[in-house]
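The values are calculated or read from the model by the stated rules, or taken from the named source; none is laboratory data. This is a predicted model, so every value here is computed, not measured. Cβ placement follows ideal geometry from the backbone for every residue including glycine, while neighbour counts extend to all protein chains displayed. Heavy atoms of the whole protein, side chains included, go into the accessibility calculation; ligands, DNA and RNA do not. Shrake-Rupley method; radii C 1.70, N 1.55, O 1.52, S 1.80 Å.
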Amino acid sequence: METESAVLDTVQKPPMKRAPKKDLTPEDIALIKSVMSRIMTEPQLKQYASYLVTAGMGTMLSEDKGPYTVFAPSTIALESFTGEKKKFYATPDNKPKLEEMLKSYIVQGKMDKEILLQTINKSGKVKLKTLAGVTLTATKSGEDIVISDGKGANAKVLKGSIESSNGVVYVLDGLLNAN
């Protein structure tokens, strides 16, 4: 019994031209590790990231020195908006209201989980003023950190603090300031 041997024709491909390797500057690294970058790469924050881009706030959270502490509602939490509310925030004329809503989750300064817990353990709670002028309160319930807006809405921290070059990000399981 004869075995046939297959001859493979190899096609000579021209060598691929690659861009010269560029060393990242400290600015490049800061941008890659920015709050905005962390929000965009966190699977639970896709909708919040989308709203930030729509509101034109990406540059602020990626290029500004900050630092910022972002208590971002998860996509599941944002999906609880009514259809009417989603449509409202998607309308270009309502961009200032969308920006205000997003800023109600952003605090000036860096409050990582360790500092947040130390402060809560010392005084029972932490008051945090957002960029929208809303005061959020962080407390503990068992092992969970709970953020409340003073209007009866509470959200549990699902994940955090996600470190970045210009702040930290927390993922919340609910909406705050959803007036």
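Averaged over its residues, the chain has an accessible area of 63 Å² per residue, based on protein heavy atoms and a 1.4 Å probe. Couplings for the stretch 62-70, taken from phi via the Karplus curve 6.51 cos²θ - 1.76 cosθ + 1.60 with θ = phi - 60°, read 10, 10, 5, 5, x, x, 10, 10, 10 Hz in order; Gly and Pro are left as x. What value, in deg cm²/dmol to 500, does the helix sum -39500 (n - 2.57) over DSSP H runs of n ≥ 4 give at 222 nm once divided by the residues of the chain? Calculated mean residue ellipticity at 222 nm is -9000 deg cm²/dmol. Annotation: extensible slack from Thr139 through Lys125 equals 4.6 nm (criterion: 0.36 nm per residue apart, minus Cα-Cα distance). Annotation: peptides 91-97, 32-38, 104-110, ranked by per-residue average of other Cβ atoms within 10 Å with the highest first, follow the order 32-38, 104-110, 91-97. Approximating the spin labels as points 7 Å out from Cα along Cα→Cβ, the Asp23-to-Ile115 distance works out to 3.1 nm. Between Ile39, Ile145, Ile115, the GNM of the chain built on Cα springs shorter than 10 angstrom shows Ile115 fluctuating the most. Short-range pairs are left out: with C-alpha atoms under 8 Å and at least six residues apart, the relative contact order of the chain is 24 percent. Remark on Ile145: its backbone amide H falls under 5 Å from those of Val157, a criterion applied only to residues 5 or more positions apart or on other chains, H modelled at 1.01 Å from N.
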